[in-house]
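The next block holds one structure in the form of structure tokens; read it before the comments.
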Amino acid sequence: MRDIDHQDRGGLLGPLKNLSFFARQPITEPLGPRPASANYRGFHLNDWDLCIGCSTCQKVCDNAAITMVRVPGLPEDPVKGIRNLRPAIDYGRCCWCALCVDLCPTGSIALSREYVHTCLDSELDSYFILPDARGIHGTPYPKGWAKSTDADLVALDRQPMTEQAPAERIDNFAEIVAGYDANQALIEASRCVQCGMCHDACPTHMHAPEYIRAIWNGDLEGAVREIYRTNPFAHTCGRVCTHRCETACSVGHRGAPIAIRWLKRYAMDAVDHERVKQIAAEGRADFISGKRVAIVGAGPAGLTAAFDLVRQGHDVTVLEAQAQGGGMVRYGIPDYRMPADRLDRDLDVITSLGVKIRYNTRVGVDLTMERLRAEYDAVMLGVGLWMGRSTRVPGADQAGVKRAVDLLRAVAAGESIEVPQSAVIIGGGNVAMDIARTLARLQQQHYGEVRITLTALEDLDHFLADADEIREAREEGVQILDARGPQEILMREGQVAGLRTWGVRSIFDQAGRFAPSYDPADEQIHVGDLVVEAIGQAADVALLGEALTEVLQWHRGRLQVDGQGRTNLEWLWAAGDMVRGPDVVSAVADGHRVADSIHAYLSVQEHAP
Amino acid sequence: MIEGHQGSYDRIKSKTSLKEVLEVACSFEASARDFYRDLAPKVSKNIRWLAEDLAAEEQSHYDLLRGLADHPDIDEPIAVEVQTPANNTRFSDAIHLPDLGPQPDDQAVLQYAMGREHIAMEHYQSLAEGTAPGPIRDLFVYLANEETKHKAELEKLYYETVHSGGV
Amino acid sequence: MRPENYEAQSQPPSYDYELNIGPNHPGIEGNYAFKLRLNGDRVIAGRADAGYLHRGFEKLMEGRLWIQNLAITPRICVPDPVPMEVSYCLAVEDLCGLEVPERAQWLRVMQLELSRIAAHFFIFGGHAATTGMYTPMFWGIADRDLILDLFEEMTGGRVYHIYNIPGGVRRDLPDGFGERVTHTLNYLESRLPDYDNLLFTNQVFVHRARGCGPISQQQALEWGVTGPNLRATGLKFDVRRDDPYLVYDQLEFEIPTEDPGDAWARALVRRRELKESIRIIRQVVARLPTLAGPIRCPIPNPLAWNVPAGSTYTRVESSKGELAWYVVSDGGERPYRTHVRGPSQMHAVQVLEQLAIGCRIEDVAQIMFSLDACPPEVDR
């Protein structure tokens, strides 16, 4: 390859080659500003409406260039997963790698095409900025490197959860959800960016980032330990919690939220039950306080308080009207969602710490509140919402018309019930779905066929039940008719034959409050041997007796309690569904607050003589 | 004097002066208020708030009508009301009026209250239909709309109370 | 001068004397100190004193997540940053068992070769400047800037691209990029005759460069010389051909060699390599439109990513020689140890010291530039 001949000395006219350069453009760069490329990584922009202050950008920055700054006045909503923090960038550290952009869950942060900033020595602080959509100098430079599907590093997709198909599950009460295996759990746990929105949104502030991280690290006992810091109903919440955490998850803003509930289920199932009991006992007081606490109702609120109080050294007795503990978790939620044997484990952990439960003991019947007041130093009520409401349409008092809570209780207690060949359910909430799907299974077992009609006042878009419940109920053969108002129970030869309903024209008034209007011309008859009402529930407070009821303070039908669950009587607390409406994890949170309050009260009760 | 009774209907219909019509309406509201006031101590304390709230509502209706009756110039507020009628739902149509019984619960009290409002509304409506166009007819329409609004408020409260806690 | 590097000589005064080149001398490729002992204008001995550009990369990387290290790797060698990025990613991909999609491999090749061209223009200029010819230096920097424009479009950065990520690359090409690459390559190729006229066939340069700092093939192999410096001794060894990575085994290109092993040979090898790189890029530009598909394979959430335990050595051919990473993972989310096998470390230290002996003072800088010894890569 002798194309470059070093021996070629050129000719005499060689230097004249230079003249050709006069005709050429000079090789130089323009001094004026030049626009940067479309993908340029310049100074930061941040859309404050999209930004949720999750701090993921701060975590991934390799130069610690990002500081999260609290900006008062910005929206702050733990339930939705929004913080009033915004990232500030120190350009003395930033290397413009754009990892913050690629890992931002919402896609709010971007790099612009602006790249020039100069200042005097005295203005060096101007290199530390709190970027918003207007950019470092407030001049409108377009976005450069911004969120794109190519470079998006956020793990948007969730590990799918295997569930039983309708045909497999319709004739049994086995748990529908299969749970994650070790590999799925590892991958799902790895999606978490550890922002802590879940912790803020959880009613009992579970340490979800910690237990997710522990699962990812393979430290399952550590995960159980983190779970038990705030929630002794771990198996339960790992299956049926309303997962506010997932609603607030920052990854969930654009992708699927981390499956925090399924991860909790995984960790609890993976650790040996005896070991769980040992972990739950860690940190308990090694003394007995000598104080006695009575708790009415062995549900999530009562037993969480019992768990805390017994660990603090107090003597706790729980009085439970039913034959087993768990409250609505056992007697309201069917096995296919919440297997009883897992609930038994949660309860076993609590009783193994020394909590005494007296079953088949109904306060108000077997013993009075006055006696509890006399024999115990503090009393807590956690009696739940066990009275099913009725529409009280004509015929609602017939034998063939039942309340969903009563039926579900009977099925859970193992009592045999008369399985109707066809049934009509009134109601559109989760309880209605529970009873519909329970009866569907019983029908399949007894008759080989499901004939269930479910009617509700609301239209489908406003059903109170979870979307998954509605979908699964349909898959199991429940016929769902929305926007229908019950008018009358139909009878034939003294037996319930069905329900007559009118169509609901509109549900909400202009103010958005519930105010249905009917259309009598749109009348339907729904055939059924059994009509089940699942429209609402109330607390059965008859146990208090008239005298106590008069002394207590009430607020719109519910016991009035302060922020710690205490009534106006210094010895009486109330918590859970009866006080704040139905939700397991909120009941757990209540239980903790009540336990703290009782413990503080018991700790100062004795005075020096 | 019991609202809904045929005698009251005739009583109003025989009136011709606006002020006199309002006086009768006031006494109706007062009788309703007294009913709820009497009911309050008879019910259990946890639902006493309902009876007390209803009594207070009736008192405020009474005060409104009293104010109109005593006002020298009562044409304007009524005219405004006539132009914007309230929604008339049939929700409480579907609520069947029970016997209140000795120890009514919150659902029974609300059903009864809605029924009372409904009957009052119907009465004022039929009075309006039977009156020639004019200020008295406008007054009946106004009163009917007021009762409809009261009934609508009770329907919302009924839903929140009875259909709550059902997840 | 560090005390330990000072050796008092017992000689009559002003017979031998010492001079420093560097550490901030324009006659070197970066902050670097080279102490000369001279006799008249002949160098008797030289002592390389590296460390002025030591930023502690290898230790820094131990304290950062695998993904965070992407921002550090290009900064190890400034003129030719891409091989750093690519070989780090190859190491992580090897440890994790990641399969880079085909399109991404071609994009990486384009990026590597463009970087090679840019580095060679840079070194032409540098080498010319050490012989007192400054025009090619300005030309080299200016022509390199056109490539930096292409990088800016392709990666969002001109010098520090941070374009590679384990599993692939971070962005696909903008529309029309192929045409712009071709346009730039055409221009650059048309400039080569100018460089030849002004530099490579210029007798001033030829006389200066020929015979300056010769290395024999034997010496090159003993001293760990790689890259154009090795090929200038006649040995046809190039990692792209002898241990192919990415899609180099599907590309047509020559491996130029020369015989004398002196500065002149080294410059010529680079000059010819540049033309081959242009040829490679043209093949990539032609091929890319036919390759659809993703530009990276899925990786775990970077904040929760444990690379399986193990160690690997991944090498690429940079403009300076065999550049490799030795990465050790203990199964955690940060590297346990990383080590850069930088070609310049051999060239700038032991080779330079050897070659300096006996040469004239004005040739020392030329030797260093002709070796394309890059201090940032020596010091890390």
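Pick from C:100, C:86, C:92, C:78: which is modelled with pLDDT of 95 or more, outside any helix (DSSP H, G or I) and either in contact with a helix residue (DSSP H, G or I) (Cβ under 7 Å, 6 or more places away or on another chain) or among the β-branched types (Val, Ile, Thr) (or both)? Reasoning before the result, please.
Working: C:86 fails: outside any helix (DSSP H, G or I); C:92 fails: outside any helix (DSSP H, G or I); C:78 fails: modelled with pLDDT of 95 or more.
Result of the check over C:100, C:86, C:92, C:78: C:100.
Just to confirm my filter: which helices (runs of 4 or more DSSP H) fall fully inside the range A:252-331 and include at least 1 residues that are without any contact (Cβ under 8 Å) to a residue 12 or more places away in the chain? Before the answer, list the steps.
Numbers: elements: A:260-270, A:273-281, A:300-311, A:328-331.
Result: A:273-281.
Within the range A:1-114, which strands (runs of 3 or more DSSP E) (wholly inside it) include 3 or more residues that are surrounded by fewer than 22 Cβ atoms within 10 Å (Cβ to Cβ)? If you could, list the steps in order and put the result at the bottom.
Working: elements: A:44-46, A:66-70, A:85-90, A:109-111.
Those strands (runs of 3 or more DSSP E) span A:66-70, A:85-90.
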ask   = Looking at this structure, is residue A:585 more than 12 Å from every other protein chain (Cβ to nearest Cβ), within 17 Å of residue A:382 (Cα to Cα) and free of Cβ contacts under 8 Å to residues at least 40 places away in the same chain?
value = no
task = Determine which single condition residue A:497 fails, assuming it passes every other condition in (1) within 25 Å of residue A:409 (Cα to Cα); (2) in contact (Cβ under 8 Å) with a residue 60 or more places away in the chain.
result = (2)
inquiry  = Looking only at the range A:191-217, count every residue that is part of a loop (DSSP other than H, G, I, E, B), free of Cβ contacts under 8 Å to residues at least 40 places away in the same chain and within 10 Å of another protein chain (Cβ to nearest Cβ) and tell me the total.
reply    = 1
ask   = Taking the range C:135-150 as the search range and keeping residues that are in contact (Cβ under 8 Å) with a residue 40 or more places away in the chain and either at the interface with chain A (Cβ under 9 Å from one of its Cβ atoms) or among the acidic types (Asp, Glu) (or both), which one is surrounded by the most Cβ atoms within 10 Å (Cβ to Cβ)?
value = C:143
query = Limited to the range C:70-89, what total is found for residues that are under 24 Å from residue C:270 (Cβ atoms) and among the aliphatic types (A, V, I, L, M)?
reply = 5
task = Go through the residues of the range A:406-420 one by one and say whether even a single one is part of a loop (DSSP other than H, G, I, E, B), more than 30 Å from the chain's Cα centre (by Cα), within 14 Å of chain B (Cβ to nearest Cβ) and surrounded by fewer than 23 Cβ atoms within 10 Å (Cβ to Cβ).
result = no
ask   = Among the residues of the range A:120-156, which ones are exposed (fewer than 13 other Cβ atoms within 10 Å of the Cβ) and closer than 26 Å to residue C:298 by Cα?
value = A:149
task = Find the residue count for the range C:279-320, including only residues that are part of a helix (DSSP H, G or I), away from every other protein chain (no Cβ under 14 Å) and crowded, with 21+ Cβ neighbours inside 10 Å.
result = 3
Extreme residue, farthest from the other protein chains (Cβ to nearest Cβ), among residues of the range A:147-174 that are within 30 Å of residue A:100 (Cβ to Cβ) and of a type in the set (Gly, Ala, Ser) = A:148
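Residues are listed down the side, and each one gets a yes or a no for (1) within 21 Å of residue C:351 (Cβ to Cβ); (2) part of a loop (DSSP other than H, G, I, E, B); (3) hydroxyl-bearing (Ser, Thr, Tyr); (4) modelled with pLDDT of 90 or more:
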| position | (1), (2), (3), (4) |
| --- | --- |
| C:4 | no, no, no, no |
| C:12 | no, yes, no, no |
| C:30 | yes, yes, no, no |
| C:34 | yes, no, no, no |
| C:44 | yes, no, no, yes |
| C:53 | yes, yes, no, no |
| C:59 | no, no, no, yes |
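So which residues in the range B:33-69 are assigned to a helix (DSSP H, G or I), within 14 Å of chain A (Cβ to nearest Cβ) and under 23 Å from residue A:551 (Cβ atoms), if there are any at all?
Filtering the range B:33-69 down to residues assigned to a helix (DSSP H, G or I) leaves B:33-42, B:45-69.
Keeping just the survivors that are within 14 Å of chain A (Cβ to nearest Cβ) gives B:40-42, B:45-54, B:56.
Result: B:40, B:41, B:42, B:45, B:46, B:47, B:48, B:49, B:50, B:51, B:52, B:53.
Among A:453, A:391, which is over 24 Å from the mean Cα position of the chain (by Cα) and outside any strand (DSSP E or B)? Walk me through it before giving the result.
Working: A:453 fails: outside any strand (DSSP E or B).
Just one listed residue meets the conditions, A:391.
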message = If I go through the range A:62-111 residue by residue, how many of them are among the charged types (D, E, K, R) and under 24 Å from the mean Cα position of the chain (by Cα)?
response = 4
task = Answer yes if at least one residue in the range A:592-600 is out of contact with any Phe, Trp or Tyr (no Cβ under 9 Å at 6 or more places or on another chain), small (Gly, Ala, Ser), within 26 Å of residue A:318 (Cα to Cα) and touching a residue at least 40 places away in the same chain (Cβ under 8 Å), and no otherwise.
result = no
task = Among what's in the range C:198-243 and is under 20 Å from residue C:277 (Cα atoms) and among the polar types (S, T, N, Q), pick the residue that is nearest to the other protein chains (Cβ to nearest Cβ).
result = C:229
task = Run residue C:170 past the list (1) more than 14 Å from residue C:195 (Cβ to Cβ); (2) more than 17 Å from the chain's Cα centre (by Cα); (3) more than 10 Å from chain A (Cβ to nearest Cβ) and report the number of the one that doesn't hold.
result = (3)
query = When you look at residue A:188, is it within 14 Å of chain C (Cβ to nearest Cβ) and modelled with pLDDT of 95 or more, yes or no?
reply = yes
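The values are calculated or read from the model by the stated rules, or taken from the named source; none is laboratory data. All figures in this text were calculated on a predicted structure; none of them were measured in a lab. Note that we place each Cβ from the backbone using ideal geometry, even for glycine, and neighbour counts take in every protein chain shown.
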